[in-house]
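Have a look at the structure below, then the notes.
Each reported figure results from applying straightforward, stated rules to the coordinates on display, with no laboratory input. These numbers come from a predicted model, not from an experiment. We place every Cβ from the backbone using ideal geometry, glycine too, and count neighbours over all the protein chains shown.
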Amino acid sequence: MSAQPQIKLTEAENALLAAYTEQVGDLPGNGDVLIARDRLITDIKTRGLPTRRVEAWHYTDLRNLLRQVPANANGDVEALAPLISGSAVFTLENGKVAAKAKAEGVTVRRIETMLADGSGAFLMSPRGDDDAVGRINGGFLRDGLEIAVADGAALAEPIELQVLHSGGQSHARFVVTVGAGASAQIVERQQGNGASAALVSSVSELTLKSGAEVSWIIVQEQGVSDTHFGQINFRLEKDAKLKLFIVNAGGKLVRQEVHGVTLGEGADFTFRVVNLLGGESHTDVTMTLGHDVPETTSTEIVRNVVFDKASGVFQGQIRVAPDAQKTDARMACNTLLLSEEADFSTKPELEIFADDVQCAHGATVADIDRNHLYYLMARGIPERRARGLLVQAFVAEVIEELDDAPLVEALEAVIEGWLERHGN
Amino acid sequence: MLEIRNLHARIAEDGTEIIRGLNLTVKAGEVAAIMGPNGSGKSTLSYILSGREDYEVTEGDILYNGESILELDPAERAAKGIFLAFQYPVEIPGVATMQFLKVALNEQRKQRGEAELTTPDFMKRVKDAAAHLKIAPEMLRRPLNVGFSGGEKKRAEILQMALLEPKLCILDETDSGLDIDALKIVSDGVNALRSPDRAVIVITHYQRLLEHIVPDTVHVLYKGQIIKSGDKSLALELEANGYADVIEAAA
Ligand SMILES: Nc1ncnc2c1ncn2[C@@H]1O[C@H](COP(=O)(O)OP(=O)(O)OP(=O)(O)O)[C@@H](O)[C@H]1O
Ligand SMILES: [Mg+2]
């Protein structure tokens, strides 16, 4: 990388570098961590942020889309009532741990401590050349949580990770390991108080030991001028089951990456995404999944509702390794375009190197069904509300699949709230 | 209550005229039956009354309680008390039946400046109405009309009508697809709604329904016009002789 010629940096890139110079003095970390941080930032300096010429960023030209990097903010953020009452709530405010709940079977360590003593140096290695999210996150990382769920523990209440900010920059990391045979539900909420524009990055490393079962729900409700970079990297051991559920309902520029591998037979990945896009926002959900061993399964369903001049993209890459026979992977992306200027791209990629596998993908784009709209209106439901019901219906199927009444209700409320604010 | 004057209407998309100078008056308290051969424009007329935008009125007017409703959208017409029980109710996956009923009821109430129903009050009303129409509660837990049999859909339409308590009820072939018992149940449901301040338009092909819901007037719709009107004996006459004589006499 160092061989790359120096390029002319954009305003945002320069601002990132300046922010680093300004912050580095009080970012936590021992010598190793500091050297690693420097390297991450130097990478950005020498190569710039990715453009559409980088395949993984083809639909999200970060270099051109990231216009501003806000200065750090330290305003107060109020903790949220948990999505599901009774949850064990962990709160990060402006990138720093502010509250830690106690839950049986769960041990927790602060990332800040791990950086300070060097045990967290491993967090500083990017996924690869294109990993702009990892570089920004690693370079500026202040804090976060390492969470370990003990073998066999069945958590009675969900864990809720609140990643909150008052504008400015906020960079968080979660390292979560769920022990063999353990089960947990984790709700991750990404939200600001809307005080000023924010640049948020949040990266999670998730390992499910054999037979572990986890539902991880990400509710992203950033403000209309916020940039949000999310990344979750997961590993599924034998018979581990992960349900990853993402609701994107905010942000101006959003990139949510999901990278996973199945490492043991019987592993199953269920991926569901609801993208609610409005205004002039751009939202990118990029998934890469490696079926690395035989007899693992996955299903991916992405439902997009696009209003106004919003745009979005779903990149779904499924790789089936040469000896990963009996893989079963099914991916679907359905979009409801609600304005002429709305736009959504889908890029499915199946890279199959084994022969005895079931893999499929499908994509549809539609508008509201006029007959449905007429029927609802003929019963006295005004057009706006009727459209709202139909949009909700479009995503309801995915939500209801969670089959967990309080969670379904909470997510439906998030969706309803969003529709009330944005619906035509 | 309803006065249709020299109505001409066409399909918005291709301009085909379907309703060609139709006149019809229905008074409050009246039950009017509309009969007519397939394709004569009965369903089209009902859609136009409900405000479906696929049709364009090119001439004439529709007065409801003395006021033209041509400028109102379907939701506004519904809130004013116009209800169409569809010949072919649509299935709407993802919209829960109960949620739909509640939103419809409350949105109508809102538009009329009435208070919204409380959930217990709403539940009770639905339960009672469903019991009268012998609709199983399980059916109401499904998405709107999804997987309902033909007869179940028709019953569900009447359930909606009973809950919404419209002033002008238009039933488009509600009898088709109903078994003999269901026909009786549905007819009883409609008869229960008969009142001096409410009018019912029954579109049907069969005298059988009119034995249960006895009409005050019977009208024959042919090629977009009412070509003959009479009392309930006209339906018997049509049943016995078909449309040929009536059509010939009108020509
Ligand atoms: N949207 C449309 N597009 C094309 N043709 C239409 C449309 N709506 C109505 N028509 C035509 O208009 C005519 C009248 O149709 P309509 O459904 O009103 O008849 P009907 O009297 O209800 O018949 P039936 O007794 O079979 O229900 C038919 O020839 C039909 O094909
Ligand atoms: Mg018809």
Straight-line reach only, C-alpha to C-alpha below 23 angstrom: list the lysines that B:Lys153 could link to, leaving out same-chain residues fewer than 8 apart.
B:Lys42, B:Lys102, B:Lys124, B:Lys127, B:Lys134, B:Lys167, B:Lys184
Give me the orientation-averaged projected area of the Cα convex hull of the stretch B:34-162, in nm², one decimal.
9.5 nm²
Which of A:Asn233, A:Asn72, A:Asn371 moves most in a GNM of chain A, Cα contacts under 10 Å?
A:Asn371
Quick one: Debye curve from the C-alpha atoms of the stretch A:247-370, no solvent, what's log10 I(q)/I(0) at q = 0.21, 0.23 Å⁻¹?
-1.04, -1.18
So, with points 7 Å from each Cα along the Cβ direction, the A:Ser85-B:Asp181 label distance in nm works out to 4.4 nm
Size of charge dipole - the stretch B:32-86 - debye, nearest 20, with Cβ of Lys, Arg +1 and Asp, Glu -1, no other charges
360 debye
Have a look at B:Gly224, B:Gly94, B:Gly41 and tell me which one the Gaussian network model of chain B (Cα, springs below 10 Å) gives the largest fluctuation.
B:Gly94
Out of A:Leu145, A:Leu208, A:Leu66, a Gaussian network model of chain A with alpha-carbon springs under 10 Å gives the largest mean-square fluctuation to A:Leu66
MRE, 222 nm, helices only [DSSP H, n ≥ 4, -39500 (n - 2.57), over the protein assembly as shown, to nearest 500]
-8500 deg cm²/dmol
What is the spin-label model distance, in nm, from A:Thr113 to B:Asn241 if the labels are put 7 Å beyond Cα along the C-beta direction?
9.9 nm
Among A:Ser204, A:Ala156, A:Ala240, the residue whose Cα sits farthest towards the positive end of the charge dipole of chain A (+1 at Cβ of Lys and Arg, -1 at Cβ of Asp and Glu, taken about the Cα centre) is A:Ser204
Cα→Cβ-extended label distance, 7 Å offset, between B:Glu248 and A:Asn74, nm:
10.0 nm
What net charge is computed for the residues neighbouring A:Glu237, neighbours being all others with C-beta under 15 Å from the C-beta of A:Glu237, Lys and Arg scored +1, Asp and Glu -1?
-4
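Compute the relative contact order of chain B as a whole-number percentage, counting only Cα pairs closer than 8 Å that sit 6 or more residues apart in sequence. Before the final figure, lay out the partial values.
Numbers: 450 pairs, mean separation 69.6, N = 251.
After rounding, I find 28 percent.
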Evaluate E = 1/(1 + (r/R0)^6) for A:Glu11 and A:Val224, where r is the Cβ-Cβ distance and R0 equals 25 Å; express this FRET efficiency to the nearest 0.05.
0.75
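Step by step: find N for the stretch B:2-250, compute 2.2 N^0.38 Å, then divide the Cα radius of gyration by it. What's the final number? Write out the running numbers ahead of the final one.
On the way: Rg = 17.9 Å, N = 249, 2.2 N^0.38 = 17.9 Å.
Cα Rg divided by the expected 2.2 N^0.38 Å: 1.00.
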Which value, in debye to the nearest 20, gives the size of the charge dipole of the stretch A:100-140 about its Cα centre, when Lys and Arg are +1 and Asp and Glu are -1 at the Cβ?
240 debye
Using unit Cβ charges (K, R positive; D, E negative) and no other charged atoms, how large, in debye to the nearest 20, is the dipole of the protein assembly as shown about its Cα centre?
740 debye
Multiplying the sequence separation of B:Ser68 and B:Asp54 by 0.36 nm and subtracting their Cα-Cα distance, what value in nm do you get?
3.2 nm
At q = 0.13 Å⁻¹, what base-10 log of I(q)/I(0) does the Debye formula yield for chain A when every alpha carbon is treated as an equal point scatterer in vacuo?
-1.18
Taking the dipole of the stretch B:100-251 about the Cα centre (Lys, Arg +1; Asp, Glu -1; charges at Cβ), the one of B:Ala244, B:Ala162, B:Thr118 that reaches farthest to the positive side is B:Thr118
From zero outward in steps of 5 Å, how is the percent of C-alpha pairs of the stretch A:126-253 spread across the bins?
2, 11, 21, 21, 18, 14, 8, 4, 1
